[in-house]
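Okay, so here's the structure we're looking at.
The values are calculated or read from the model by the stated rules, or taken from the named source; none is laboratory data. What you see is a predicted model; the values in this text were computed from it and never measured. Every residue, glycine as well, gets a Cβ built from its backbone with ideal geometry; the counts of neighbours run over all protein chains shown.
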Amino acid sequence: MEAGRIGCSAGTGQASNAPLLGLRVLHVEDDRELASCIARVLRRYGIETKHAYDAREATAAIRDGSFDLALIDWRLSGTALGLEVAREVRQKCPSVGVVMLTGLSHLRHRVRALREVADDFLIKPVGSSELAARISAVARRCRETADRAEPSMSHGLLNVNLVSRIVLVGGRRVELQTKQYDLLVYLLHRRGHFVSGPELRDALWHSHHVPESSVIRVQLSLLRKALGEAGVLIETGVDGAGWCIRAT
């Protein structure tokens with residue numbers, strides 16, 4: 001278990017979570033109390049956290065792959081180093097961001113991690129707002145890099161060109177309004193997972209205009225209609241649990 005504090009109580013005001021809501025973080029940390037503390041902090045910023053408390057649990061979570069970023073403690077119980085887990089993330093989930101967290105201040109650790117696998121390296125104690133901001137920045141850079149490297153997304157009958165914003169259904173081009181296109185891409189990035197109305201509002205409308213839930217429902221209804229036979233891929237959760245594009 002690694003010593004060190006994290007700024008769990010830093011910042012008592014309301015967190016601004018618009019650019020962060022919906023991010024899924026795999027947190028590898030053997031200190032359960034610290035892991036719980038970080039989960040509470042990140043939840044204030046709309047970040048979902050899944051914990052792995054040792055290398056074995058981390059390997060299982062990496063195999064599942066349903067996360068946008070890995071936050072990994074440098075030292076874990078047993079013989080495994082967090083760096084080894086980070087290498088596994090980089091090998092099996094190359095588009096996922098990796099942030100290392102440690103209570104050790106030695107420069108050689110930071111240099112080694114950054115040279116080998118890490119996208120960022122934080123030293124405890126760290127304030128909650130900085131932790132959330134660093135996670136957001138790494139996740140954003142990784143997503144933008146993935147979009148450039150793979151400028152289109154395909155799912156069933158759907159094909160979306162992320163550069164030209166052209167949407168094809170079974171090879172036929174469909175015209176979407178801007179918000180309908182944004183909703184489609186957001187759901188595709190999170191396919192297989194239900195996304196709530198508040199998450200969609202914060203992620204796609206930001207702070208400029210926050211629509212009523214009915215507006216989102218109408219936009220999704222129009223999106224389904226525009227997609228034609230592919231519209232059935234968009235599912236509505238039970239009791240208003242949100243929406244998702246089902247995995248094929």
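Out of ASP68, ASP119, one residue alone is in contact with a Lys or Arg (Cβ under 9 Å, 6 or more places away or on another chain), buried (at least 20 other Cβ atoms within 10 Å of the Cβ), charged (D, E, K, R) and modelled with pLDDT of 90 or more. It is ASP119. Annotation: of all residues in segment 47-65 being in a loop (DSSP other than H, G, I, E, B) and of a type outside the set (A, V, I, L, M, F, W, C), the one that is surrounded by the fewest Cβ atoms within 10 Å (Cβ to Cβ) is GLY65. If I ask for residues that are among the acidic types (Asp, Glu) and over 21 Å from the mean Cα position of the chain (by Cα), which ones from segment 71-115 would you list? Scanning segment 71-115 gives a single hit, GLU84.
Answer yes or no as to whether ALA118 is of a type in the set (A, V, I, L, M, F, W, C), within 18 Å of the chain's Cα centre (by Cα), more than 23 Å from VAL185 (Cβ to Cβ) and not in a strand (DSSP E or B). Show your work before the answer.
Values: of a type in the set (A, V, I, L, M, F, W, C): yes; within 18 Å of the chain's Cα centre (by Cα): yes; more than 23 Å from VAL185 (Cβ to Cβ): yes; not in a strand (DSSP E or B): yes.
Spelling it out, ALA118 is indeed of a type in the set (A, V, I, L, M, F, W, C), within 18 Å of the chain's Cα centre (by Cα), more than 23 Å from VAL185 (Cβ to Cβ) and not in a strand (DSSP E or B).
Let me confirm something: among ARG87, ARG173, which residue is assigned by TED's automatic domain parsing to the domain that holds ILE72, free of Cβ contacts under 8 Å to residues at least 40 places away in the same chain and more than 25 Å from CYS37 (Cβ to Cβ)? Can you show your working first?
Details: ARG173 fails: assigned by TED's automatic domain parsing to the domain that holds ILE72.
None of the others qualify; the one that does is ARG87.
Taken as a whole, the structure leaves ARG165 outside the set of residues that are in a strand (DSSP E or B), surrounded by fewer than 17 Cβ atoms within 10 Å (Cβ to Cβ), out of contact with any strand residue (DSSP E or B) (no Cβ under 6 Å at 6 or more places or on another chain) and assigned by TED's automatic domain parsing to the domain that holds GLY228. The combined condition, being buried (at least 18 other Cβ atoms within 10 Å of the Cβ) and of a type in the set (Lys, Arg), is not fulfilled by ARG172. Can you name every residue in segment 59-76 that is closer than 14 Å to ALA35 by Cβ and of a type in the set (Gly, Ala, Ser)? Listed by number, the residues that qualify are ALA61, ALA70. The single residue among VAL185, VAL174 that is farther than 20 Å from ASP68 by Cα and of a type in the set (Val, Ile, Thr) turns out to be VAL174.
If you go through segment 91-113 and keep only what is assigned to a helix (DSSP H, G or I) and in contact with a Phe, Trp or Tyr (Cβ under 6 Å, 6 or more places away or on another chain), you end up with ARG110, ALA113. For segment 71-80, enumerate the residues that are at pLDDT below 90 and surrounded by 17 or more Cβ atoms within 10 Å (Cβ to Cβ). Within segment 71-80, TRP74, ARG75, LEU76, ALA80 qualify.
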